[in-house]
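Where a number appears in this text, it was derived from the coordinates with a stated rule and is not lab data. These numbers were taken from a predicted model, which means no experiment stands behind them. Virtual Cβ from ideal backbone geometry, glycine too; neighbours counted across all protein chains shown.
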Amino acid sequence: MAEVAVSAPAASASWWRANQRRLAPWLFLAPGLLMFLVYVIAPIVQSIWLSFYDWDGLGAKTWIGWGNYTELVDDQNFYISLKNNVIWLVLYMLAVPAGLFIAIFLNQTVFGIRVYKSLFFFPFVISQVVVGLMFSWFYAPNFGLFYKLIEWLTGTGFAPLADPYWVTYAIVAAGLWPQIAYCMILYLTGLNNVSPDQIEAARLDGAKGWRLLWYVILPQLRPATFIAVVVTVIGALRSFDLVSIMTDGGPFGSSRVLSFYMYEQALSEYGYRMGYGAAIAVILFLIMMVFISGFIWKMVQDERGI
């Protein structure tokens with residue numbers, strides 16, 4: 001009996017010793033995986049489940065199956081929001097090359113370069129709410145700087161936030177200001193890791209200007225470009241705060257995006273349609289998953305060296 005009692009702990013210790021390298025990573029990941037399951041996966045599942053119900057947030061839920069999605073097909077406001085999201089996505093990608101060229105300009109050792117870097121970095125540290133308020137005043141009719149500038153050039157002022165056609169472009173311009181700064185920071189970090197030996201060798205071979213940038217510098221900036229594209233795409237699809245601050249979806253609902261329309265239907269005083277808002281959220285989630293899946297696939301391919 002004594003031998004059995006002694007051998008049991010020894011067997012347990014030997015089993016742990018044999019599997020320690022395999023189990024240790026999962027033990028370190030366990031807290032994060034638990035938080036991810038509770039605060040990310042569970043809400044996603046609940047949103048999908050809620051999208052099949054008609055619910056005002058307080059009373060009893062009524063199962064309507066695909067009713068919310070069927071209504072979306074005939075909802076003109078949904079298509080306006082989707083179109084605006086596409087505009088955001090296309091124009092927001094300008095932040096990537098703009099951030100790259102500003103980073104290249106700032107990546108030099110001249111007098112006062114730290115001051116210039118601080119000025120370009122400044123938009124990134126400002127809250128999106130503050131950015132929205134600043135550009136609302138900038139575009140404001142009668143006294144806004146943009147309005148006055150157009151009035152001085154053409155004789156007639158123009159308030160883009162009051163124009164259903166131009167309002168989305170005006171908000172995207174406001175969003176690009178801090179987004180370009182963020183991409184610039186990513187590229188400045190990447191430029192610090194560019195091999196000077198490769199640049200010197202390329203210059204000895206006669207490469208300069210665009211050829212040096214395209215064939216030598218940009219390939220070494222692929223990790224920074226990947227991250228810049230990822231955060232820019234996600235930022236474009238999540239464009240809620242600027243729309244809410246600058247126009248509240250107006251004029252006449254022409255500046256809505258999917259995230260704002262979801263909030264408007266589910267939580268605003270005009271909505272309280274939790275199921276319908278959840279259906280919009282599911283559509284937005286599926287659109288984001290297309291891009292996220294592509295990014296993850298690209299990341300896996302790079303890790304494998306394919």
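A few remarks follow.
- Any hit, the range 147-156, residues being surrounded by 15 or more Cβ atoms within 10 Å (Cβ to Cβ) and touching a helix residue (DSSP H, G or I) at 6+ places or on another chain (Cβ under 6 Å): no
- Residue list for the range 158-181, filter: surrounded by fewer than 17 Cβ atoms within 10 Å (Cβ to Cβ) and either more than 21 Å from Ala95 (Cα to Cα) or charged (D, E, K, R) (or both): Ala162, Asp163, Pro164, Tyr165
- Looking at the range 158-247, the helices (runs of 4 or more DSSP H) lying wholly inside it that each contain 1 or more residues that are touching a residue at least 24 places away in the same chain (Cβ under 8 Å) and either within 15 Å of the chain's Cα centre (by Cα) or at positive phi (or both) sit at 167-191, 222-237, 241-246.
- Evaluation of Val130 against (1) among the aliphatic types (A, V, I, L, M); (2) buried (at least 16 other Cβ atoms within 10 Å of the Cβ); (3) farther than 11 Å from Met184 by Cα (one fails), failing number: (2)
- Residue match in the range 42-49 (condition: in contact with a Ser or Thr (Cβ under 6 Å, 6 or more places away or on another chain), surrounded by 15 or more Cβ atoms within 10 Å (Cβ to Cβ), more than 29 Å from Leu176 (Cβ to Cβ) and not β-branched (Val, Ile, Thr)): no
Okay, residues lined up against (1) surrounded by fewer than 19 Cβ atoms within 10 Å (Cβ to Cβ); (2) in contact with a Gly (Cβ under 6 Å, 6 or more places away or on another chain); (3) farther than 23 Å from Ala173 by Cα:
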position: Ser195; (1), (2), (3): yes, no, yes
position: Tyr215; (1), (2), (3): yes, no, yes
position: Val231; (1), (2), (3): yes, no, no
position: Arg238; (1), (2), (3): yes, no, no
position: Leu242; (1), (2), (3): no, yes, no
position: Gly250; (1), (2), (3): yes, no, no
position: Val257; (1), (2), (3): no, no, no
position: Phe295; (1), (2), (3): yes, no, yes
position: Arg304; (1), (2), (3): yes, no, yes
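- Verdict on Asn68 being part of a helix (DSSP H, G or I), within 26 Å of Val229 (Cβ to Cβ) and in contact with a helix residue (DSSP H, G or I) (Cβ under 6 Å, 6 or more places away or on another chain): no
- Those residues of the range 99-126 which are within 23 Å of the chain's Cα centre (by Cα), in contact (Cβ under 8 Å) with a residue 40 or more places away in the chain and surrounded by fewer than 17 Cβ atoms within 10 Å (Cβ to Cβ), in sequence order: Phe121, Phe122, Phe124, Ile126
- Residues being in contact (Cβ under 8 Å) with a residue 40 or more places away in the chain, in a helix (DSSP H, G or I) and under 19 Å from the mean Cα position of the chain (by Cα) are represented in the range 132-139 by at least one member.
- Across the range 136-146, the number of residues qualifying as within 18 Å of Val167 (Cβ to Cβ) and either surrounded by fewer than 13 Cβ atoms within 10 Å (Cβ to Cβ) or out of contact with any Phe, Trp or Tyr (no Cβ under 8 Å at 6 or more places or on another chain) (or both) comes to 4.
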